[in-house]
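Student: Pasting in a structure now, in structure tokens, and then I'll have a few things to ask.
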Amino acid sequence: MIPVLNPVRLVMGVLFLLTACTKDPVINLPAPPVSANMITKVEKDGDTWETSYNGNGSVQNLIRKLADGSVMARYDFVYENGKLLEVNSTGKWKYFYNGNLISAVETYNNLGSLRYRTEFAYTNDKMTEKTEYYANVTIPLKPIRRTRYLYTAEGNVSVKEFYEYVNATWTKTEELHVVKYDTNPNTSEHLENFPFLPKSYYSVNNPLRENYTDSNGQPYGLVLHEYIYDVYGRPGSRKSTYSYLGFPDTHSEAKFYY
């Protein structure tokens, strides 16, 4: 469950040209509802994610709709003893744990066959490595990708290192450096990217500038995000610009509803 922000307090000083001093008045904004930081809808480039919650604040389901309002996909979340057990759609995702930390997620198709497995490694309860495997009827589990994560002292991802499994060797393909964050809470990333990853994967704040470098450390991509926040500091909208060498800039817009 995403933590709720404290009410914002605006203190206005009043200057009196009098010898006597009076206490400055304090104006309190109305407190946000209990579910203030729970996003109920994300609109992004014509598509919509709608989210419903259980009474304890956990996600009950996600419904993705196209611009014409038709349902593209629905994801239903199943819990056991407070832990996410499965996410069901046309196929399903099954969750495995080491204590309270998600150790692996397995992806099954609509026939119940295993297709992918993702394993997670942690340092001090923070996810530092994600390894992905592919499976089919002839290949039980084959490693395909690995991502390593470095974090700032604030708990934000600073570097993602990407690897591919080629000729039985992990080969670095690129790096992502998130060089600037805002100071507002990240309330949307787990819903936009589908929340099958551990919560510790997501940064505490919202990224503003992301730099991509190739396997030799040469820059080739830049992503800039601009947010507009509401009075509680929650992102209300975001404009993103994607710039990659050899390609024209592309843009994306998102709106968030609570």
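Coordinate-derived values only; no laboratory data. Just so it is clear, the model here is predicted, and its values are computed rather than measured. Don't worry about glycine lacking a Cβ; one is built from the backbone with ideal geometry, like all the others, and counts go over all protein chains shown.
Student: Every residue in segment 214-258 that is at positive phi and surrounded by 12 or more Cβ atoms within 10 Å (Cβ to Cβ), please.
Tutor: G233
Student: Determine whether segment 156-164 contains at least one residue that is touching a strand residue (DSSP E or B) at 6+ places or on another chain (Cβ under 8 Å) and touching a residue at least 24 places away in the same chain (Cβ under 8 Å). So that I can check it myself, show each step before the final result.
Tutor: Within segment 156-164, the first condition is being touching a strand residue (DSSP E or B) at 6+ places or on another chain (Cβ under 8 Å), and the residues that meet it are 156-164.
Now drop any that are not touching a residue at least 24 places away in the same chain (Cβ under 8 Å), which leaves 156-157.
Checked against the condition, which is being touching a strand residue (DSSP E or B) at 6+ places or on another chain (Cβ under 8 Å) and touching a residue at least 24 places away in the same chain (Cβ under 8 Å), segment 156-164 yields at least one hit.
Student: Could you tell me which of the residues Y97, Y79 is surrounded by 15 or more Cβ atoms within 10 Å (Cβ to Cβ), more than 20 Å from E192 (Cα to Cα) and without any contact (Cβ under 8 Å) to a residue 60 or more places away in the chain?
Tutor: The conditions single out Y79.
Student: From the list T128, T187, which one is among the β-branched types (V, I, T) and touching a residue at least 60 places away in the same chain (Cβ under 8 Å)?
Tutor: Step by step, each of T128, T187 is checked, and only T187 is among the β-branched types (V, I, T) and touching a residue at least 60 places away in the same chain (Cβ under 8 Å).
Student: Okay, next question. Filter segment 234-245 down to the residues that are farther than 27 Å from K172 by Cβ and either assigned to a strand (DSSP E or B) or among the β-branched types (V, I, T) (or both) and list them by number. So that I can check it myself, show each step before the final result.
Tutor: Step one: filter segment 234-245 for residues farther than 27 Å from K172 by Cβ, giving 234-239.
Within segment 234-245, P235, G236, S237, R238, K239 meet the criteria.
Student: For segment 139-151, which residues satisfy the criterion of being of a type in the set (S, T, Y) and in contact (Cβ under 8 Å) with a residue 24 or more places away in the chain?
Tutor: Across segment 139-151, the qualifying residues are Y149, Y151.
Student: Consider only pairs whose beta carbons are under 6 Å apart and that are at least six residues apart or on different chains; among these, list those whose first residue lies in segment 234-258 and is within 15 Å of R209 (Cα to Cα) and whose second residue is not hydroxyl-bearing (S, T, Y) and not in a strand (DSSP E or B).
Tutor: T241/D249; S243/D249; S252/D45
Student: Restricting attention to segment 167-183, does a residue exist that is small (G, A, S), at positive phi, free of Cβ contacts under 8 Å to residues at least 60 places away in the same chain and in contact with a Lys or Arg (Cβ under 9 Å, 6 or more places away or on another chain)?
Tutor: no
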